[in-house]
1. What are the pairs with Cβ atoms under 7 angstrom where one residue, in the stretch 217-238, is more than 16 Å from Phe34 (Cβ to Cβ) and the other, located anywhere, is assigned to a loop (DSSP other than H, G, I, E, B) and among the polar types (S, T, N, Q)? Sequence gap at least six, or different chains.
2. Restricting attention to the stretch 15-38, which residues are among the small types (Gly, Ala, Ser) and away from ligand 2 (no atom under 15 Å from the Cβ)?
3. Can you list the helices (runs of 4 or more DSSP H) found entirely within the stretch 1-114 that contain at least 3 residues being within 16 Å of ligand 1 (Cβ to nearest atom) and at pLDDT 90 or above?
4. Could you list all residues from the stretch 166-185 that are within 27 Å of Glu79 (Cα to Cα) and within 16 Å of ligand 2 (Cβ to nearest atom)?
5. Would you check if there is a residue in the stretch 54-71 being within 16 Å of ligand 2 (Cβ to nearest atom) and either surrounded by fewer than 22 Cβ atoms within 10 Å (Cβ to Cβ) or in contact (Cβ under 8 Å) with a residue 40 or more places away in the chain (or both)?
6. Taking the stretch 649-669 as the region of interest, how many residues are under 14 Å from Leu95 (Cβ atoms) and either assigned to a helix (DSSP H, G or I) or touching a Lys or Arg at 6+ places or on another chain (Cβ under 6 Å) (or both)?
7. Within the stretch 314-330, can you find the residues that are over 18 Å from Glu391 (Cα atoms) and not in a helix (DSSP H, G or I)?
8. Checking the condition modelled with pLDDT of 90 or more and more than 16 Å from ligand 2 (Cβ to nearest atom), which residue from Glu210, Glu226, Glu236 passes?
Amino acid sequence: MKLKIKGLTKIYHTESEGALALNDVSISFPETGFVVITGESGSGKTTLLNVLSGFTGYEEGDYFIDDVSFLAYSQEDLEKFRKNDIGFVFQDYHLVEDYSVIDNLIVSLLVVGVEYKKAKEQSLNILKRFGLEDKKTDLVRNLSGGQKQKIAIARALVKEPAIILCDEPTANLDGPNGIAVFELLKEYAKDHLVIITTHNYEDAKDYASELIRLYHGKLTVHTKIEEQYGRTEQKEERKTNFLPLSYLHFKNHIRRNVFKVSFLGIFIAIIILLLTLFDANIDDTWTKVASQSVFNNINANEVLVMRDNRGAMNEDELSSLRDNSHVTHSQLYGHASEMNYYYRENFDYEMDYEIGSQKTGHGGKEEYGKTVFSPLRNDYYLKNYVSFVGENDLSEGKLPTEYSEVIANNNYHIGDKIMVYFRDPAVHNFNTFSLEFTVCGIYRGNDDNLYFSSTFMKAFDFLEYYGVKSPLHVTLNLFNDLTKENTSTDLTYLPIYKPSLDDDQILISIYVGMAMPEIFRADVSIVNTNVTVFDNNMDVSFTKECFTEELTAKYIYVGKNVFEMIMKDYVSNTSRIYLDAYSYMDEVVAGITSRGYNCLSAYRTGSTVYDAEKQTQRAVILIVSLVLVFLTTFVYFVFDYLFEKKRQNVDRTLYLLGLSIDNIKKNSAMIIGVSCILSIIIGICLYFILAVALQIPFVQNINTYFRFHHLLIASGVTILASFFVWLWYSHRTSFLLKGGKK
Ligand code: ADP
Ligand code: MG
């Protein structure tokens, strides 16, 4: 390549005056050779190099590259020229201080499109030539001025440009080191053009093939010492290798990036969790029923439906309800299928029977048994119900007919033996008896219940003979009477407790009671009664004198007759429908209600129609998620702001190495994009670790409500945040590189 300047004048305009840095200078450079520019400080040497590299424009005259005027060069041409044909050794090095030595060299090769592997190899070779091999992994920041100077020269040489411009390359090198550098450059100058500036002419003169002397911006001497005839070719354009460039960025700022990416990952995991919560409605407890009725559901996907007018429903009505998009099937029932009437409010108590001993006046001991009340515990509350399964509920096997057969969940297999322990907790004698059951069917639900045959449930009456006289007895009677009407398909199940027995043993606790709600107290006018147990003949078994006034429990055990008398319509006219997923409950209940049906019970849902408190929770969750989203973006900005200076240094160097501003924007898009993707991956992994691997019960529960779009939203937010960060960053960087002041 041929460089030529003709009558070139460069003036620096400062606020007060203009400095004439180059004054009518004409030089024709050879295509190869070692050109030494000397002159005192301030004579215009650096300015001349800057003009030659295209970093600086000029006022008068012209500059020709291969006989093409610089003025005809587009921004793009100029960037290409700088990137492919020029190697610049800056007086103040412009190395990336927090990159390792070798990475500084590799970067310059990646910019000109050399593959990573090759770049590494070439960089190592040149480091060997400079005797810096053992420093290759050191950070540039920790090196001496002389070492930095050598690296700056090595960086210019390694990409083998047609022209190397060195601004005072030996200023920081001692005699022998300076001479070694001159020798290297001289060698290179055999078939390339090397232009160096120096104010130390004595050292350089032995190597120079041409000598140029500047004085106050004027060319005073131009001597050709030896003639050169070599020619250099313009290099062909190659695309910058962005991916390894961003890799180097991560590698050299590993701690900072790991921190940033993990932090963002945690945010993403939290956002997914919150979104899941929002959809799932944090609902994993049994709470109030949907419509003031007495029923609670055993199955989260189940709704008890009744006509508003309490009339009997027919099969056609039911199948029309089935048309609702999330309803999978329905069942017509002639009786109440749920009889768990506990419900929880501020002062709900449960009745218990306590046996103990107390000292008597004569120093002896006396056994006593008394009924006590304790606040209703949530876990009891959760586990207390009576329900049935039908053929539709089975995924495998058959309904039990023999008393020794049982239906279990899919932790079991057909034919498994289950040892079941029974006790009556109403009488705390801890006498248990055990029976062995064989699994004959697997049901679809994932609760821990066992479903027994109605044969067995009838046989269960033998508890009476076993000597247990308790509310249990009354309840079971009711139970069995109901099952009699449906002996062919209906099964009854009992809730299971697993106290300190072995894993394969199950203890059934029979808190099968019925707690009556307001309706009962209003209709029967026993509002102030504390707890009363009726038998089937409506004889009160426990009287209210048994209890203290302030204990106003709201539930009562009743016999079937009593129940039917009060709840006649409910007993005879309720049907059930099943949803494919609990989270559609709101939608379905709203649809059914609008068609003139009453949803007697539904797993608590988040709709305003059902629960204002729930709505508040949802609103809070939504706000928290939005705040988090906002915070994520903000934190991202803060991170990038904190790290910005360092990255801007890197970008300035890349710019000086010939990377165009557009490509610098591309490069930061790559870096931000990669950290964004890494954060998303970490976030998602973290979510699944929390939800699944660690088996945190609550989170695991949420996981059943996890939807793919939660993940998409959380990722989308991060991508959007990254995009804004990138916009902001690249705007700022190009502003600064174009000469803007902070
Ligand atoms: P040298 O490299 O030979 O020391 P320079 O090319 O750096 O000389 O400077 C030549 C003249 O131009 C000096 O008088 C210097 O003060 C002036 N100069 C250089 N750069 C600038 C600038 N960015 N703004 C204003 N004046 C400048
Ligand atoms: Mg200078």
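The values are calculated or read from the model by the stated rules, or taken from the named source; none is laboratory data. What you see is a predicted model; the values in this text were computed from it and never measured. Cβ atoms come from the backbone with ideal geometry, glycine included; neighbour counts cover every protein chain shown.
1. Pairs that qualify, where the first residue is more than 16 Å from Phe34 (Cβ to Cβ) and the partner is assigned to a loop (DSSP other than H, G, I, E, B) and among the polar types (S, T, N, Q), are Gly217/Ser43.
2. Across the stretch 15-38, the qualifying residues are Ser16, Gly18, Ser26, Ser28, Gly33.
3. The qualifying helices (runs of 4 or more DSSP H) are 45-53.
4. Cys166, Asp167, Glu168, Pro169
5. Of all residues in the stretch 54-71, those within 16 Å of ligand 2 (Cβ to nearest atom) come to 55-56.
Then keep just the ones that are either surrounded by fewer than 22 Cβ atoms within 10 Å (Cβ to Cβ) or in contact (Cβ under 8 Å) with a residue 40 or more places away in the chain (or both); that gives 55-56.
Yes, because at least one residue in the stretch 54-71 is within 16 Å of ligand 2 (Cβ to nearest atom) and either surrounded by fewer than 22 Cβ atoms within 10 Å (Cβ to Cβ) or in contact (Cβ under 8 Å) with a residue 40 or more places away in the chain (or both).
6. 8
7. Listed by number, the residues that qualify are Asn314, Asp323, Asn324, Ser325, His326.
8. It is Glu210.
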